[in-house]
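Presented below is the structure to which this report refers.
The values are calculated or read from the model by the stated rules, or taken from the named source; none is laboratory data. All of these numbers come straight from a predicted model, not from anything done at the bench. Virtual Cβ from ideal backbone geometry, glycine too; neighbours counted across all protein chains shown. Note: areas computed on protein heavy atoms with side chains; ligands, DNA, RNA excluded. Shrake-Rupley method; radii C 1.70, N 1.55, O 1.52, S 1.80 Å.
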Amino acid sequence: MMLFLNILERPVPSEGQPVDPDLRKSWGWWKVKKWTVHILNRLYTRFGDLKLQNPENRAFAQMFQKHYAGKILECHLNLLNVIRVGGYLPDRVINLILQYLSNSISRNSMYTLLQPRLDALLFEIVFPLMCFNDNDQKLWDEDPHEYVRKGYDIIEDLYSPRTASMDFVSELVRKRGKENLQKFIQFIVEIFRRYDEASAEYKPYRQKDGALLAIGALCDKLKQTEPYKSELEHMLVQHVFPEFSCPVGHLRAKAAWVAGQYAHINFSDQNNFRSALQCVVSRMQDSELPVRVDSVFALRSFIEACKDLNEIRPILPQLLDEFFKLMNEVENEDLVFTLETIVDKFGEEMAPYALGLCQNLAAAFWRCMNTAEADEEADDPGALAAVGCLRAISTILESVSRLPHLFVQIEPTLLPIMRRMLTTDGQEVFEEVLEIVSYMTFFSPTISLDMWSLWPLMMEALADWAIDFFPNILVPLDNYISRGTAHFLTCKEPDYQQSLWNMISSIMSDKNMEDNDIVPAPKLIEVVFQNCRGQVDHWVEPYLRITVERLHHTEKSYLKCLFMQVIADALYYNAALTLSILQKLGVASEIFHLWFHLLQQVKKSGMRTNFKREHEKKVCCLGLTSLLALPADQLPAEALGRVFRANLDLLVAYKEQVAEAAKEEEAEDDDDMDGFQTDDEDEEGNGFDKEMGVDADEGEDADTITLRKLAEQAKSFRPNDDDDDDSDDDFSDDEELQSPIDEVDPFVFFVDSIKVIQSLDPSRFENLTQKLEFNYQALANGVAQHAEQRRAEIEKEKLEKSTAATAS
C-alpha cells in the first residue's frame, strides 16, 4: 500500500513527455499512474468497503479505511488540482479519480475529509470538465460523425472525464443533497444570468453548455424536489428553448438533449410543450449533424410524452423523411429506437408507410452489416445498429398485423435478409431474424413458396449450431405446419415431413442433450398430430416410439408432462391406433400409470403440481375422452372407470381455471375495480360449483392475458425449472398459440363421447354409472349441464360471427 501511495505522490517529470496527445497519455509515467489509481479503486470498491459485509475481507477493509482511504483521497485531490492551474492529466486518470471520489461521498469519514475542498473541486474542477472544450470543438468541426459516435458510445463513457463528472455531481446531490443541491443550482443560475446579460460576442457559450448538461444530468432529482420541481417549465422556457436558435451549434444540440430529458414533465401550458416539440422537429433539418442526431433522440421522448397525437400526425411524413436521411448518414441503434417509438405510437396508421419503412430499414441493415464486416476489429456501432434495424422491422410488422395484404408487398424486401441471416452469417442477429420469419409466416394471407425455402435453412442451422435457438425456431415451424398444412403434407421436394422427423428424432435420441434443450421437440409432435389429424397415420408409431424412449431417460417432471401430452394428442388423433401401438411397444400400462400419477400429484399447498395451464388440461381431457369411445375389448371396464373419473376431475379443474381467468381479465379491464365481480357472476360461479359437487379452489389461478407479440410464443415454450414454485407464471397459458383444438369444447366433446357409449353399448354405460361414487355422479351431472350450456353459447357465437360477416 505504501508503494502505491508513493507512486501516487511522486510528481511526473516534465522532461521527456511526448507532445502528441495520443503518445502522451500512453507515456510510461502516466500509464503507471493510471494503473495505480485503477488498482486502488478496485481495492476500495471490492475489498475496502465495510458495508460489503464479507467476513473474509473485514480485517482488510478496517485497515484500508483506517490507514489508507483518506490518504489516497488526499493524493487524488492533489492530482486533480493540476487541472485548475492548466496542467495535464490523462482523461482515464481523471475518470478513475472521480470514480473514487464518487464512491467516497456516501461514507461519513471520507466525506468529512472531502468537505473542506469540496467547493473548489465542484466549481473549479468538476464543472469545467462538464463544459464544451477545445477538443470537442475540433472534433465537431473536423469529424462530426466521430463526435456523434463518441457521444453515444457506452465504451467511451467508461473513459470520459465528462461522464465521470456528471456521475460525481449526481451522486453528490443524491447522497448529500441537503448541503449541496441548492448551492450547485445557484451556481448554475448565476451562469444562466451572466449568459443572458452578456452581449453575443461575450456570452459564455461553453459554460452555458456545461450548465445545461448539469441540468439534464440532475433531471430525476429536480423532478422530485421542491422548489425546483415547480420551476422546471419556467426554466425550460427561459433558458433552454431559446438556445434552439442559438448561432452556436453545440448549444442547439444541448438544448435538444435537455428538452428531451424533461419532455415528460407536466406542462401547465401545453403551448410550451408544442413549442418545444416544434423546435425539436425543426432542428432535425439543422445544418450541423450532431444537432440533427440529438434532435431525433429528443423526439423519441416527446412522442412518448405526447398525449394528443394530432400534434405529430400532420408532420409524420416529414419526420420519417428526415429520419431516413439521418439513417443514411449515421449508423446508430438509438436512431432506430426513435423509429420504433413512432411505429408503436401510431400502430396501424403506419400502414401507408410500412413498405417504405421496411425498404429503408432493410437498406440501412445491409449498410450496417457491410460496415461491421469491413471493420471487424473496431468497436463499430454498425452491428448494434443492424440489430436495431431488424427489431424496428418487427415492430412495423406487428403494427400492421391486421393488414395481411401488406405482408405480400413487404416479403420481397425482407427475403434476402432472411435467407442470408438464417445461415452462419447471421449468428449475431439470428433471434431477430427468426422473429421476422415468425411474423411473415403467421400474418401473410398464405405462406409463399419463397418463404417455404427458409425451412431447410432453419433445419440446417438447428442441426449445426443453433440448438440454443430451438424455442425461437419452433415458432415459425409451428406456423408452417399449422398454416401451410396442405403443402407440408403433399410436398416431396423437399420432404418436409421427413425433414421434421429427422430433426426431432436426432434431438430426442441424443442422450447428451439436456432435458431443457429438447422441450420444443414434443411440442412440434403435438403440432403435427393436432393439425394433420387423420393424414399422418404412418408417423404415429415413429413419434410415439421416440417419445416413449426419451420418457424413460427424462428426469424433469415438466418434460414428462409434455411427453404425456404427446400421448394425449395421439389418442385424440386416433385412440385405437395409438393404444394398439402402446400395447405393441409393451408400455401401455406403464404410460397410463405414470399419466394418472402426474395428474393426481399436488403440492403441500394443495395446488396441482402438473398440467397447470389451460391448454395442458384441455389436451389431457381430449386424449382421455377419446379413450372412452373405444369398444370394451380395447378398454376394459376397470380402465374405463378410471379414465372416466380422471376426466371428470380434469374438466372441473379446467372449468374453474377458465372462470378464474375470465374474472382476472375483467379485473384487468377495469383499473379502478381490481378483482371486481358482479353478484350475478358470483351466483353463477357458485351455482356451478355446487352442481359439480366440489369447492372452488382459490389457489388454481390463471394468467390468460393474450400476448400481442407473436414472437413471444417462445417464452411459453420454455420449461419452469422450479417445480416448487407457486407463482402465477406456472398458470400462464399458451393463449397466443393457435391450434385446431381451440375450436373443440372439451365438455361438449366429453358428453358426445358418452352418448356414443350409451347408444352403442347401453349395458356398459349403465354398469359404469352404477359403480360411480356419489360425488362423481354429481360431477358427471354438472358436466352434462355445463356442456349443454356451452353448446348453446357456441351456437350463439357462430350465429353472431355469421351475421357480422354478412353485414361486412
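Close Cβ contacts (under 7 Å, 6 or more residues apart or on different chains) running from residues in region 203-223 that are without any contact (Cβ under 8 Å) to a residue 60 or more places away in the chain and open to solvent by less than 10 Å² (accessible area, probe 1.4 Å) to residues that are outside any helix (DSSP H, G or I) and aromatic (Phe, Trp, Tyr) comprise 219/262. Entry remark, region 522-552: residues being within 17 Å of residue 593 (Cα to Cα) and out of contact with any helix residue (DSSP H, G or I) (no Cβ under 6 Å at 6 or more places or on another chain) number 3 in total.
Mind listing just one residue for me: the one in region 618-637 that is open to solvent by less than 30 Å² (accessible area, probe 1.4 Å) and touching a residue at least 60 places away in the same chain (Cβ under 8 Å) and, of those, nearest to residue 758 (Cα to Cα)? In this case the residue turns out to be 628.
All conditions in (1) part of a helix (DSSP H, G or I); (2) open to solvent by 30 Å² or more (accessible area, probe 1.4 Å); (3) touching a residue at least 12 places away in the same chain (Cβ under 8 Å) hold for residue 527, with the sole exception of (2).
How about region 583-605: which of its residues are assigned to a helix (DSSP H, G or I) and not aliphatic (A, V, I, L, M)? Residues satisfying the conditions are 583, 584, 589, 590, 592, 593, 595, 596, 597, 600. Scanning region 480-524 for residues that are part of a loop (DSSP other than H, G, I, E, B) and out of contact with any His (no Cβ under 7 Å at 6 or more places or on another chain) returns 484, 491, 493, 494, 509, 510, 512, 513, 514, 519. Evaluated against (1) under 26 Å from residue 239 (Cβ atoms); (2) touching a Phe, Trp or Tyr at 6+ places or on another chain (Cβ under 8 Å); (3) surrounded by 20 or more Cβ atoms within 10 Å (Cβ to Cβ), residue 275 falls short on exactly one condition, (3).
Note down all Cβ pairs under 9 Å where the first residue falls in region 477-498 and is more than 15 Å from residue 450 (Cα to Cα), the second is of a type in the set (Lys, Arg) and surrounded by fewer than 15 Cβ atoms within 10 Å (Cβ to Cβ), and they're at least six residues apart or on different chains. Hits for this filter: 498/492. Residue check, residue 192 against (1) open to solvent by 10 Å² or more (accessible area, probe 1.4 Å); (2) more than 28 Å from residue 332 (Cβ to Cβ), all met but one. Which one? Of (1) open to solvent by 10 Å² or more (accessible area, probe 1.4 Å); (2) more than 28 Å from residue 332 (Cβ to Cβ), only one is false for residue 192: (1). Taking region 330-347 as the range and being at pLDDT below 85 and farther than 14 Å from residue 390 by Cα as the test, only 330 passes. Picking from residues in region 520-567 that are more than 35 Å from the chain's Cα centre (by Cα) and of a type in the set (Lys, Arg), the one that is modelled with the highest pLDDT is 545. Quick one: which residue in 492, 523 is over 22 Å from residue 440 (Cβ atoms) and not hydroxyl-bearing (Ser, Thr, Tyr)? Being over 22 Å from residue 440 (Cβ atoms) and not hydroxyl-bearing (Ser, Thr, Tyr) holds for just one of 492, 523, which is 492. Residues that are more than 25 Å from residue 370 (Cβ to Cβ) and not in a helix (DSSP H, G or I): does region 455-476 have at least one? There is no residue in region 455-476 that is more than 25 Å from residue 370 (Cβ to Cβ) and not in a helix (DSSP H, G or I). Regarding region 240-252, can at least one residue be identified that is open to solvent by less than 50 Å² (accessible area, probe 1.4 Å), under 30 Å from residue 96 (Cα atoms) and either β-branched (Val, Ile, Thr) or free of Cβ contacts under 8 Å to residues at least 12 places away in the same chain (or both)? Checked region 240-252: no residue is open to solvent by less than 50 Å² (accessible area, probe 1.4 Å), under 30 Å from residue 96 (Cα atoms) and either β-branched (Val, Ile, Thr) or free of Cβ contacts under 8 Å to residues at least 12 places away in the same chain (or both).
One residue stands out in region 60-93 among those that are open to solvent by 70 Å² or more (accessible area, probe 1.4 Å) and under 43 Å from the mean Cα position of the chain (by Cα): the one that is modelled with the lowest pLDDT, namely 62.
Look at region 396-420: where a residue is within 15 Å of residue 457 (Cα to Cα) and in a helix (DSSP H, G or I) and a partner is modelled with pLDDT of 95 or more and charged (D, E, K, R), sitting 6+ places away or on another chain with Cβ atoms under 8 Å, you get 415/450.
Look at region 355-366: where a residue is assigned to a helix (DSSP H, G or I) and a partner is of a type in the set (Ser, Thr, Tyr) and at pLDDT 90 or above, sitting 6+ places away or on another chain with Cβ atoms under 8 Å, you get 355/413; 358/413; 359/413; 362/413. Does region 108-128 contain at least one residue that is assigned to a loop (DSSP other than H, G, I, E, B), open to solvent by less than 40 Å² (accessible area, probe 1.4 Å), of a type outside the set (A, V, I, L, M, F, W, C) and more than 30 Å from residue 326 (Cα to Cα)? No: zero hits.
Does residue 569 qualify as being in a helix (DSSP H, G or I), open to solvent by less than 10 Å² (accessible area, probe 1.4 Å) and acidic (Asp, Glu)? So residue 569 fits the description; yes. Checked against the criterion of being open to solvent by 60 Å² or more (accessible area, probe 1.4 Å), within 27 Å of residue 389 (Cα to Cα) and hydroxyl-bearing (Ser, Thr, Tyr), the candidates 287, 301, 268 yield just one match: 287.
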